[in-house]
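Before any comments, here is the structure.
The values are calculated or read from the model by the stated rules, or taken from the named source; none is laboratory data. Just so we're clear, the structure is a prediction, and the values are computed from it rather than from any experiment. A quick note on method: Cβ atoms are made from the backbone with ideal geometry, for glycine too, and the neighbour counts reach across all protein chains shown. The area values use the complete protein model at the heavy-atom level, side chains included, leaving out ligands, DNA and RNA. Shrake-Rupley method; radii C 1.70, N 1.55, O 1.52, S 1.80 Å.
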Amino acid sequence: MKTILITGGLGFIGSNFADYLIEIKPDQNLLILDKKTYAADPKALDRWKGNTQVSFVKGDICDSTLLEKLFCENNIQGVIHFAAESHVDNSISGPQAFVETNIMGTFQLLEAARKSWLDDNQKVKPAFNSARFHHISTDEVYGALGPEGAFTEKTPYAPNSPYSASKAASDHLARSYFHTYGLPVVTTNCSNNFGPNQHHEKLIPTIIRKAIQEESIPIYGTGENIRDWLFVKDHCKAIQIVFERGVLGEVYAVGGDNEKTNLELCASVISILDKIEPRTNGESYYKLITHVTDRLGHDYRYAIDATKIKNDLKWTPQTPFEEGLKITVEHYLAKRK
Ligand SMILES: NC(=O)c1ccc[n+]([C@@H]2O[C@H](COP(=O)([O-])OP(=O)(O)OC[C@H]3O[C@@H](n4cnc5c(N)ncnc54)[C@H](O)[C@@H]3O)[C@@H](O)[C@H]2O)c1
C-alpha cells in the first residue's frame with residue numbers, strides 16, 4: 001500500500017484533510033508527522049485510534065535525520081505539506097519560529113523528498129513515477145488588495161507580515177525544486193478557512209468563545225478588513241483534486257467566492273449564536289463587540305479568483321457559507337461541554 005506523508009496533520013486543516021482522506025481512500029496509508037506545537041490538536045489522534053491506515057510520528061520537519069529515516073522506512077509516494085507556524089499575530093511578536101519552520105522546515109522536507117525520489121542524475125526513480133509533493137500555502141503571499149480585483153496565480157508576490165513572507169519563501173523553494181531538480185511539486189494558495197478543529201486563537205473560535213463566556217469580543221480596528229472565507233472541507237476537496245490531477249509545477253489559487261468584512265463575519269456568527277444559544281439577558285451577543293487597536297500592518301483585503309482550478313480541475317466550493325458556519329458554531333459549542 002502506498003503511504004502519504006501528511007505534515008502538520010494534527011493542525012486545523014491537516015487533521016480535517018486526514019479525516020477526509022480516511023473517508024475516501026481506505027486503500028492509502030497516512031503517515032502523520034507533527035511536532036505537536038501549541039497549535040496541534042492531540043484529540044485528532046483519538047479519532048484515528050485503532051485505524052491501521054494511520055500512523056503518527058511526533059517530530060520536527062526541520063529534523064533532516066528524522067525525515068531521511070521516515071522516507072527510508074516507508075514507501076512514501078506523496079507528501080502533503082501543511083506543517084507551519086500559521087498565526088499572523090504570533091509572527092509579529094516572534095518571527096523566528098516562522099522562519100525556522102516555514103522556510104527551513106520546507107527546505108528540509110523538499111530535500112528529503114528529492115534524495116528519496118530522484119536518482120543521481122535528478123531523474124525520478126521508476127519506483128516513484130507517480131510521487132507528488134503538494135505544498136500548502138496561503139493567499140497572504142500576494143499582499144493586500146484595494147477595494148477592487150482579486151488574486152490569481154499570476155499576481156506578483158508582495159508579502160506584508162513575517163508569516164506571509166515565510167510562506168512566500170517556502171513557495172519559492174517549492175517552485176525552485178520543480179524547476180531545478182524536476183521534483184514533482186504542486187502548490188495551492190488558499191484563502192481563509194473556517195470549520196471545526198481550528199485553534200482557539202483564530203478569529204471565529206475567538207468570537208464564539210468570548211461570546212458564550214460573556215466577555216468582550218475583540219475586533220481589530222474598524223472591522224472593515226475583508227477576507228475570502230472557505231469551508232475547510234471544501235479546501236480539503238480542492239487539495240485532494242490538485243494532489244491527484246494538478247499539473248506538476250503548477251500553482252492553483254483556491255478561494256470561497258465569499259468575501260466578508262470581519263464585522264460581517266462576526267455578525268453572522270452572532271446571529272447563529274443568538275438563535276441556538278441566546279443570552280440569558282435577552283440581548284444580542286452583538287453588544288459584546290469591542291473594537292481594539294488594529295494589528296500592525298493589517299492587510300485591508302484578500303480575494304481569490306479561482307477560475308483556474310474551477311476550469312481545469314472542475315473544483316468548486318460546495319458548502320454554502322451559512323451552512324458551513326452553522327456546522328462550525330455547533331462544533332465549538334459542543335466542544336465546550
Ligand atoms: N488556516 C487557514 O485559514 C489557512 C489558509 C491558507 C493556507 N493555510 C496554510 O495551511 C497550512 C495549515 O494551516 P493550519 O491553519 O491548519 O495551521 P495550524 O497552526 O492549525 O496547524 C499547524 C500544525 O503544524 C504543526 N507544526 C508546526 N511546526 C511544525 C514543525 N516544525 N514540524 C512539524 N509540525 C509542525 C503544528 O503542531 C500544528 O499541528 C499552513 O501551511 C498554512 O500556512 C492556512
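Tell me, yes or no, whether the range 246-254 has at least one residue that is aromatic (Phe, Trp, Tyr), surrounded by fewer than 18 Cβ atoms within 10 Å (Cβ to Cβ) and part of a strand (DSSP E or B). Can you show your working first?
The initial filter retains those residues of the range 246-254 that are aromatic (Phe, Trp, Tyr), namely 252.
Then drop every residue that is not surrounded by fewer than 18 Cβ atoms within 10 Å (Cβ to Cβ), which leaves none.
No, there is no match, as no residue in the range 246-254 is aromatic (Phe, Trp, Tyr), surrounded by fewer than 18 Cβ atoms within 10 Å (Cβ to Cβ) and part of a strand (DSSP E or B).
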Can you tell me how many residues in the range 140-154 are touching a strand residue (DSSP E or B) at 6+ places or on another chain (Cβ under 8 Å) and closer than 14 Å to His172 by Cα? 3
Residues that are farther than 23 Å from Ser93 by Cα and at pLDDT 95 or above: does the range 197-208 have at least one? yes
Based on this model, can you work out whether Asp299 counts as assigned to a loop (DSSP other than H, G, I, E, B), touching a residue at least 12 places away in the same chain (Cβ under 8 Å), buried (at least 16 other Cβ atoms within 10 Å of the Cβ) and of a type in the set (D, E, K, R)? yes
The residue from Phe82, Phe56 that alone is within 11 Å of the ligand (Cβ to nearest atom), in contact with a strand residue (DSSP E or B) (Cβ under 6 Å, 6 or more places away or on another chain) and among the aromatic types (Phe, Trp, Tyr) is Phe82
Restricting to the range 104-126, and then to whatever is within 19 Å of the chain's Cα centre (by Cα) and more than 17 Å from Thr180 (Cβ to Cβ), can you tell me which residue is nearest to the ligand (Cβ to nearest atom)? Gly105
Among the candidates Thr37, Thr65, single out the residue that is of a type outside the set (Phe, Trp, Tyr) and over 16 Å from the mean Cα position of the chain (by Cα). Thr65
The residue that is surrounded by the fewest Cβ atoms within 10 Å (Cβ to Cβ), considering only those in the range 61-96 that are small (Gly, Ala, Ser) and part of a loop (DSSP other than H, G, I, E, B), is Gly94
Checklist (1) charged (D, E, K, R); (2) in contact with a Gly (Cβ under 9 Å, 6 or more places away or on another chain); (3) crowded, with 18+ Cβ neighbours inside 10 Å applied to Lys123, failing item: (3)
Among the candidates Phe107, Phe133, single out the residue that is out of contact with any Asp or Glu (no Cβ under 6 Å at 6 or more places or on another chain), of a type in the set (Phe, Trp, Tyr) and outside any helix (DSSP H, G or I). Phe133
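Just one of Ser55, Ser15, Ser91 is at pLDDT 95 or above and within 20 Å of Ala112 (Cα to Cα); which is it?
Exactly one of Ser55, Ser15, Ser91 is at pLDDT 95 or above and within 20 Å of Ala112 (Cα to Cα), namely Ser55.
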Residues of the range 1-17 classified as within 12 Å of the ligand (Cβ to nearest atom) and assigned to a loop (DSSP other than H, G, I, E, B), total: 4
If I filter the range 18-27 for residues that are within 6 Å of the ligand (Cβ to nearest atom), open to solvent by 20 Å² or more (accessible area, probe 1.4 Å) and part of a loop (DSSP other than H, G, I, E, B), do I get at least one hit? no
Working only within the range 28-44, note down all residues that are open to solvent by 10 Å² or more (accessible area, probe 1.4 Å) and within 11 Å of the ligand (Cβ to nearest atom). Asp34, Lys35, Lys36, Thr37, Tyr38, Ala39, Ala40, Asp41, Pro42
